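Enquirer: Here it is, the structure, as structure tokens.
The values are calculated or read from the model by the stated rules, or taken from the named source; none is laboratory data. Computed from a predicted structure; not experimentally measured. With ideal geometry, Cβ positions are generated from the backbone for all residues, glycine too; neighbour counts draw on all protein chains shown.
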Amino acid sequence: MEALSAAILSAAAVLEGSSLGATMRGGRGVYPAVNVAHVAGLVLLVGGILVVDLRTVGLGRAIPLAPLSRLVTPLAVAGLLLLAGSGFLLFAADAGPLVRSAVFQAKLALIAAALVNALLFRRLFGDFADGRQPPMLARTMAVLSIGLWLVAGALGRLIAYT
């Protein structure tokens, strides 16, 4: 375990010391622009997921779940990709301290849990194209999804203050 920790710390130091890390820290307006992209990705991802999760829980039953899911899922996936790319760039600016941050580690753990929850949900339930109402397990997973994504996003914002 210590070898893994040392390898992670070393990789973080290399990334932070790289030209990418230097550009992210010192390029005029680069960090703020990437941060805006990160927030836009968060809005796309969490906004899309929240709409489907709230509908899965039972809000807006007049709106068919399958077409709603087909509409917003590509937006959520685009948001996830934007978050991953911009998050890596933001990480490069301050990788050493971030990799040691308990808040950052918790954020990554919650993102991993939320992604597993989303993939498991899709595997178990699809998008309810047959028009049936989501079972209790699907509704429970939707509530869990809402909580995981919102707390992960909040932790991301808290990183700046720790």
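Enquirer: Quick one: R28 ticks every box in (1) at pLDDT below 95; (2) among the charged types (D, E, K, R); (3) within 22 Å of M141 (Cβ to Cβ) bar one, so which box is it?
Expert: (3)
Enquirer: Hey, another quick one. Tally the residues that are surrounded by 14 or more Cβ atoms within 10 Å (Cβ to Cβ), in contact (Cβ under 8 Å) with a residue 24 or more places away in the chain and not aromatic (F, W, Y), restricting the search to the range 95-114.
Expert: 12
Enquirer: In the range 1-71, which helices (runs of 4 or more DSSP H) lie fully inside it and hold 2 or more residues that are closer than 26 Å to V151 by Cα?
Expert: 2-17, 30-57
Enquirer: I would also like to ask the following. Return yes or no: is S145 polar (S, T, N, Q), assigned to a helix (DSSP H, G or I) and at pLDDT below 95?
Expert: no
Enquirer: Could you check, for the range 19-36, whether at least one of its residues is among the hydroxyl-bearing types (S, T, Y) and closer than 19 Å to I159 by Cα?
Expert: The answer is yes, given that some residue of the range 19-36 is among the hydroxyl-bearing types (S, T, Y) and closer than 19 Å to I159 by Cα.
Enquirer: Given the options L155, L124, name the one that is surrounded by 15 or more Cβ atoms within 10 Å (Cβ to Cβ) and either in a helix (DSSP H, G or I) or in contact with a strand residue (DSSP E or B) (Cβ under 7 Å, 6 or more places away or on another chain) (or both).
Expert: L155
Enquirer: What is the residue count in the range 116-140 for residues that are in contact with a helix residue (DSSP H, G or I) (Cβ under 8 Å, 6 or more places away or on another chain), closer than 21 Å to L42 by Cβ and of a type outside the set (F, W, Y)?
Expert: Residues that pass the stated criteria total 2.
Enquirer: In addition: Restricting attention to the range 65-94, report how many residues are in contact with an Asp or Glu (Cβ under 6 Å, 6 or more places away or on another chain) and surrounded by fewer than 19 Cβ atoms within 10 Å (Cβ to Cβ).
Expert: 1
Enquirer: A further question follows. Enumerate the pairs (first residue in the range 132-155 and without any contact (Cβ under 8 Å) to a residue 12 or more places away in the chain; second residue anywhere and loosely packed, with under 15 Cβ neighbours inside 10 Å) with beta-carbon separation below 6 Å, excluding pairs fewer than 6 apart on the same chain, so at least 6 apart or on different chains.
Expert: Filtered contacts from the range 132-155: no entries.
Enquirer: Would you check if there is a residue in the range 102-115 being basic (K, R) and assigned to a loop (DSSP other than H, G, I, E, B)?
Expert: No, because not a single residue in the range 102-115 is basic (K, R) and assigned to a loop (DSSP other than H, G, I, E, B).
Enquirer: What's the total number of residues in the range 73-93 that are more than 17 Å from A152 (Cα to Cα) and modelled with pLDDT of 95 or more?
Expert: Matching residues across the range 73-93 total 6.
Enquirer: Consider only pairs whose beta carbons are under 8 Å apart and that are at least six residues apart or on different chains; among these, list those whose first residue lies in the range 13-28 and is farther than 18 Å from G87 by Cβ and whose second residue is assigned to a loop (DSSP other than H, G, I, E, B) and acidic (D, E).
Expert: Once the first residue is farther than 18 Å from G87 by Cβ and sits in the range 13-28, no partner that is assigned to a loop (DSSP other than H, G, I, E, B) and acidic (D, E) comes close enough.
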